Each structure stands twice: as structure tokens, then as C-alpha cells.
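Derivation of every value follows stated rules applied to the coordinates shown; laboratory data play no part. Quick caveat, the model's predicted, so the values are computed rather than measured. Note that we place each Cβ from the backbone using ideal geometry, even for glycine, and neighbour counts take in every protein chain shown.
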Amino acid sequence: MESYNPKLKENARALRANMTDAEQALWYRVRRKQIQGVQFYRQKPLLAFIVDFYCPAAKLVVELDGSQHVEAEHRIKDRDRDAALAGLRLRVLRFDNRQVLLETDAVLAVINEAVKGRL
């Protein structure tokens, strides 16, 4: 497993207990090794961040972005976060919440291909 700030554990637990509708919908489709037989974790601390979904076998992070992520300040933070995770040789996929809720099969197809390409 990758390193993380242990102080984030409590926050991660709270986030798992209060997932957004999009996070719940995606979790239902990726949990229990439904994609390529690999394990996904939700609200996983990595470095100084809590990522929405993490698949260590494929070195893949999946982030779901709410409407606030279109603001310039959030885009800069997201870019810096993605770069830090890339430093761990992790691939980051980003989807907005609306995509997950309205185009679930298309989102899952992208995730499936990313996992397949990294195993």
C-alpha cells in the first residue's frame, strides 16, 4: 500500500459514511471485485489526500468531481493533486458526478479499460 497521513483516517471514515449519490452509485458497481477481478477501496487516504476510489492492483485512482471543481481554484488544486499522485505512478481518472449518474455504463467502460491496460 502507498503511504498516507494517518491523521486522515478519521476523515476518510466520515466520508465513507456520507458518500454522495454519485459515489454510492459507482461504489455499487466497482465493489466486490466486479471490474477485472480487482479490489477497489473507497475514500482511501493517499499521501496528504483522500481519494474517492483506489485500485492498488492497477495503480488507478478514480475521482468524482462535484460542481465546485469547475472553479479555477479547484482546478488548480486538482491539477496539483493529480501530479502528486502521478509521482507515485498512479493514473488518475476524473469524472463529474453528473456523468456517473447519467452515463454510468460509459464511465464503467473507461474504468474497465484503464484497469485492463494496467494489469
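Where in the stretch 1-28 does the amide nitrogen come within less than 14 Å of the point 7 Å from the Cα of L88, taken along Cα to Cβ? Backbone N within reach: 1-9, 12. Using only side-chain charges placed at the Cβ, +1 for Lys and Arg and -1 for Asp and Glu, the dipole size of the chain relative to its Cα centre rounds to 620 debye. Evaluating 6.51 cos²θ - 1.76 cosθ + 1.60 at θ = phi - 60° for every residue in the stretch 107-119, the Karplus couplings come out as 4, 5, 5, 5, 5, 4, 5, 5, 5, 4, x, 10, 8 Hz, glycine and proline recorded as x. Annotation note: trypsin sites (Lys or Arg not before Pro) in the stretch 40-119 located in DSSP loop regions with a Cβ neighbour count of at most 15 within 10 Å are R89.
If R₀ is 30 angstrom, what is the calculated FRET efficiency for the pair E73 and Q39, using the beta carbon separation as r and rounding to 0.05? Once the sixth-power term is evaluated, E becomes 0.35.
Per DSSP H run of at least 4 residues, take -39500 (n - 2.57); add these up for the chain, divide by its residues and hand me the 222 nm value, nearest 500 deg cm²/dmol.
On the way: 5 runs with 55 residues, N = 119.
Taking each H run of at least 4 residues, the total per residue is -14000 deg cm²/dmol.
Legend: calculated FRET efficiency, N112 to N5, from the Cβ-Cβ distance at R0 = 25 Å, rounded to 0.05, equals 0.25.
Set Lys and Arg Cβ to +1 and Asp and Glu Cβ to -1, take the dipole of the stretch 1-51 about its Cα centre, and tell me which of A25, G37, V51 lies farthest positive. It is G37, whose Cα lies furthest towards the positive end.
For a test of the definition: using alpha carbon positions, the gyration tensor, and the 1.5 limit on a/c, classify the stretch 6-118 as rounded, prolate or oblate. Rounded shape, in that the Cα axes give a/c under 1.5.
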